[in-house]
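Comments concern the structure below.
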Amino acid sequence: MSAPATRAEVCIAACSDAWRGSGEVLAHAVGTVPAISARLARLTHSPELVLSDGECHFMADPPPLGKTAAAGGTVEAWAPFGRIFDILNTGRRHSMMGASQIDRFGNQNISLIGDWRKPKRQLIGMRGAPGNTVNHRTDYWVSRHSSRVFVDRVDIVSGVGNDRARAHASTALRFHDLGVVVTDLAVLDYDEDGRLKVRSLHPGVTEDEVRENTGFELDFSGAGVSREPDEHELDLIRTVLDPKGARDREVKVSRP
């Protein structure tokens, strides 16, 4: 019998479930937990998922965290940087990104904090967020659920939210598809109006804890408890995919 699942491992299972049913698409995973989750999905319920080694190869054997094709394994295809944009434009990609800010409609900010004309803090810029949210499904991973991240209004829109996509007059956003937001406290998805709601709370997390760390009202009706990874998943996480325990450095249960 394995030791009980940690909060990080519950988060990995939740993120892994987000890849379920994606089909033969390229997994774009940003962050430690998403990277492990995509590999876990490939080894369990979604063997058709396409994985990159983070450089320029598609891998038949999901490499352990931090390893590339140079460390061994079977290379399925060569994918230079330019080809990624071709794949993105066809929609055959599924992204799980981070968010420095996210609002109730899923508008995401990874670019800056404050007024864009004179920001208080410069972040990583728009990067691929606009193209991801225009072309294919996009999920978000937030390693620390707080009211600084879940805000009433983002300072600038990097990833397009449901309200903007629905209000857009042309067909340019017809492939807009926001899936879930997984955090260290809960799994959130969207209601029929495109607003975030709570799908499940991680074991040991209360509604009050999530409310206190969210800058807008959330709907908890119908929220369940996030599943824990099974024995096989735990073994893969602990011995194959992340034997050095990087997941527990990204997700810390203790919160001031």
Relative contact order for the stretch 1-144, counting Cα pairs under 8 Å that sit 6 or more residues apart, in percent: 20
Portion, in percent, of the accessible area of the stretch 1-151 that falls on carbon or sulfur, probe 1.4 Å: 54
Kyte-Doolittle mean at least 0.0, axial Cα span of 20 Å or more - DSSP H helices of the chain: none
Cα-based Lys proximity count in the chain, under 29 Å, for pairs eight or more positions apart or on separate chains: 5
Length released on extending from residue 175 to residue 147, taking residue separation times 0.36 nm less the Cα-Cα span: 7.1 nm
FRET efficiency estimate (nearest 0.05) - Cβ-Cβ, residue 121 to residue 20, R0 45 angstrom: 0.80
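Between residue 240 and residue 167, what FRET efficiency comes out of the Förster formula 1/(1 + (r/R0)^6) with R0 = 45 Å and r the beta carbon distance, rounded to 0.05? Could you put the intermediate results ahead of the total?
Values: r = 45 Å, r/R0 = 1.00.
In this case the efficiency is close to 0.50.
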Two-site FRET efficiency, residue 45 against residue 3, from Cβ-Cβ distance with R₀ of 25 Å, rounded to 0.05: 0.60
Sequence-distant residues sharing a close amide H with residue 150 (under 5 Å, placed H): 102, 215
Over the chain: helical MRE at 222 nm, DSSP H runs n ≥ 4 each giving -39500 (n - 2.57), nearest 500: -6500 deg cm²/dmol
Rg in Å to one decimal, and Dmax rounded to a whole Å, for the chain via C-alpha atoms: 17.9, 56
Fully extended contour minus Cα-Cα distance, from residue 253 to residue 221, at 0.36 nm per residue: 9.1 nm
Accessible surface, the chain, averaged per residue in Å² (probe 1.4 Å): 48
Compactness of the stretch 86-191 - radius of gyration and Dmax, Cα, Å: 13.3, 37
Phi-based couplings in Hz for the stretch 195-202 (Karplus 6.51, -1.76, 1.60; Gly and Pro marked x): 8, 5, 9, 8, 7, 7, 9, 5
Length added when fully stretched, residue 60-residue 77, from 0.36 nm per residue minus Cα-Cα: 5.2 nm
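The values are calculated or read from the model by the stated rules, or taken from the named source; none is laboratory data. What you see is a predicted model, and the numbers here were worked out from it, not measured in a lab. Ideal geometry is used to build each Cβ from the backbone, glycine not excepted, and the neighbour counts take in all protein chains shown. Just so you know, the surface numbers come from the protein's heavy atoms only, side chains and all, with ligands and any DNA or RNA stripped out. Shrake-Rupley method; radii C 1.70, N 1.55, O 1.52, S 1.80 Å.
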